[in-house]
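Let me begin by presenting the structure, written as structure tokens, before commenting on it.
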Amino acid sequence: MPKTLPVEQYNTLIQSEERFRTLFAKSTDAVQLLDEAGHIIYSSDSVKNVLGYDPSEVLGLRPLDYAHPDDLPEFKRQYARLLKKEGVRIDVEYRVLHKNGSWVWLEATIVNHLQNPVINALVGNFRNITKRKEIERALAESEARLRFMAESMPQKIFTADAKGFINYFNPQWSEYTGIPIGKIRPETFGEILHPNDYEENIKTWNQSIATGDPFVYEHRFRAANGKYRWHLTRARPMRDAKGNIISWLGSSTDIDDIKQAQRRQQRLERQKAVLTEQRRQLVEINKAKDEFISLASHQLRTPATGVKQYLAMILEGYASVPVPDEIRSMIEIAYESNERQLKIVDDLLKVAYVDAGKIRLEEEKYDMVRLLKDVVREHDSVIRGRKQKVAWANKPSQGTVYIDVHLMRMVLENIIDNASKYSPEGKTITLDVEATKKHLIVSIKDEGVGIGEEDCKNLFKKFSRIDNPLSAIVGGTGLGLYWAKQVIELHKGKIAVKSEVGKGSTFTIKIPLAQQTTAKAAD
Ligand code: ADP
């Protein structure tokens with residue numbers, strides 16, 4: 001008679017088995033027992049949850065036969081390992097067909113208990129991990145997309161973990177630094193950072209890591225050629241749904257060209273400020289000088305004029321006693337010297353006035369040819385005294401212009417006087433007046449000592465006296481042409497010179513034809 005269990009014990013066993021059955025049935029994992037050949041000999045009800053089949057439908061099947069062809073080789077490899085000995089456990093992820101016809105991912109953990117006298121089977125736990133796999137795939141795709149983006153951007157990109165440890169550099173770093181991709185490590189930053197930027201950089205970075213504030217920093221990185229270039233680096237934290245920082249994404253942009261341009265600009269600004277200040281000082285000095293010249297000239301003029309008057313009176317016989325010839329010639333020399341002195345004072349005064357903007361044109365319609373003829377007539381004795389003559393290149397007709405006759409006369413006097421002064425005896429001064437559509441061009445040509453090319457450039461500047469064979473004999477201040485240029489420009493005209501040493505010079509004045517000029521200097 002078979003031994004029977006006491007009823008109580010029997011009930012307890014039944015209860016316990018029932019509990020496990022229910023537990024497996026409710027489980028989200030399928031628990032299965034397989035024989036040595038891999039056939040399912042037992043399946044928990046929960047296989048329905050995992051693959052949609054009833055346990056009876058899977059009995060006798062081999063999981064191996066239903067794996068996705070792509071996953072089969074690995075599954076088989078693992079399975080062979082599993083069979084080697086008691087206690088071996090394998091973990092495989094593979095795809096298998098669900099009852100509804102779709103592929104689902106399973107995570108199988110199978111343990112070899114073939115030698116276990118109680119179990120005597122392979123014990124498998126199968127879990128549907130399709131959702132997790134999908135998430136993993138989506139994540140991998142998104143990471144690949146991000147990596148592609150990072151690698152195709154011109155900027156240097158890096159990522160760091162929440163603690164600030166850099167864990168990715170895009171290939172642009174290698175390209176820039178010349179350090180091969182695999183060799184770029186977090187310490188690389190230290191190696192390529194300019195020593196002067198290092199300390200502050202680390203401080204700012206640590207501060208951002210500690211506070212979560214974006215990192216923004218300008219620093220120099222060493223390029224493959226050894227030269228440092230300025231970069232602007234920005235890094236922002238990426239946070240999870242709860243707001244915790246999970247990583248940092250940073251980019252470094254080469255701003256060296258901009259920096260250099262900024263520095264050039266700053267340098268220029270500084271130079272400009274210095275120049276402006278120097279100019280202001282110069283203008284002030286110039287003004288003070290002009291005022292001094294003007295004042296001094298006035299002071300000098302009055303006594304010099306007095307001397308001239310008295311010397312003239314003596315020469316004209318106003319003294320009560322006759323002047324012996326010897327004394328007369330001395331007085332004549334004194335008179336000439338005084339004349340020269342007055343000329344210098346007058347030149348200085350004229351320049352002081354023009355520089356101070358005190359010249360006001362009193363314009364009137366006037367015939368330039370007439371004015372020229374007047375000037376020539378007045379200088380006739382001096383010119384003839386030098387055995388020179390004046391000729392006209394063409395028969396002069398008329399050239400009407402709006403001019404300040406008094407000032408223009410002085411300009412012409414100066415040029416004609418120079419033409420005569422700086423020409424040897426017997427030479428000719430040739431005048432010409434020619435009208436173009438809008439201008440009247442007056443030219444005064446001499447056959448004198450001429451002026452070198454370099455000297456021509458400075459001719460119209462203040463105090464420009466040029467060394468020539470006659471300059472020691474003839475007096476002058478080097479102010480006449482400067483003053484003439486200012487006056488011509490007030491008339492909206494131009495003055496120019498063409499000259500050749502030893503052959504002579506031609507001065508030309510170009511004045512707008514009979515058009516009211518508006519140039520008015522302030523009083
Ligand atoms: P000044 O004749 O009083 O020295 P100007 O300003 O009129 O001053 O002339 C400046 C200088 O230009 C003169 O010293 C002279 O050396 C040169 N110059 C002017 N006109 C002539 C000329 N026609 N031929 C040669 N040199 C000239």
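Miscellaneous remarks
- For the chain, the longest principal axis of the alpha carbon atoms and the long axis of helix 195-211 meet at an angle near 50°.
- Exposed-loop-free span, longest in the chain, where GluC sites (Glu not before Pro) count as exposed if DSSP calls them loop and at most 14 other C-beta atoms lie within 10 Å: 87-315
- Degrees, to the nearest 10: 368-378 long Cα axis against longest axis of the chain: 50 degrees
- Dipole axis of region 364-521 (+1 Lys, Arg; -1 Asp, Glu on Cβ), positive-most option in G448, S499, G475: S499
- Nearest 10 degrees, 0 to 90: helix 256-315 Cα axis against the chain principal axis: 10 degrees
- Counted by Cβ distance under 14 Å from D432, the other residues give a net charge of +3, where Lys and Arg count +1 and Asp and Glu count -1.
- Surrounding net charge for W205, when Lys and Arg each add one and Asp and Glu each subtract one, Cβ distance under 14 Å: -3
- Listed cross-link partners K308/K498; K358/K387; K308/K358 are compared with a 32 Å cut-off, the Cα-Cα value being larger for K308/K498; K358/K387.
- The trypsin sites (Lys or Arg not before Pro) of region 175-228 meeting both criteria, a DSSP state outside H, G, I, E and B (loop) and at most 11 other C-beta atoms within 10 angstrom of the site's C-beta, are K227.
- Shown here for region 329-409: trypsin sites (Lys or Arg not before Pro) in loop regions (DSSP other than H, G, I, E, B) with at most 16 other Cβ atoms within 10 Å, namely K358, R360, R386, K387.
- Cβ-placed point charges (K, R +1; D, E -1), dipole of the chain about Cα centre in debye, nearest 20: 560 debye
- Nearest-0.05 FRET efficiency for E269 and I129, computed from C-beta distance (R0 56 Å): 0.25
- Cα gyration tensor shape of region 255-356, rounded if a/c is under 1.5, else prolate or oblate by comparing a/b with b/c: prolate
- When exposed loop sites are taken as chymotrypsin sites (Phe, Trp or Tyr not before Pro) in a DSSP loop with at most 16 other Cβ atoms within 10 Å, the longest stretch of the chain clear of them is 166-317.
- Net charge dipole, region 274-355: roughly 320 debye, given to the nearest 20, about the Cα centre with Cβ charges of +1 for Lys and Arg and -1 for Asp and Glu.
- Charged neighbours of E151, selected by a Cβ distance under 15 Å, balance to +1 (K, R count +1; D, E count -1).
- Here the chain is treated as a Stokes sphere of Kirkwood radius computed over C-alpha pairs; at 20 °C and 1.002 mPa s its diffusion coefficient rounds to 61 µm²/s.
Values in this text are rule-based calculations from the coordinates and carry no lab data. Bear in mind the structure is a predicted one, so any value in this text is a computation, not a measurement. Cβ: placed from backbone, ideal geometry, glycine included. Neighbour counts: every protein chain shown.
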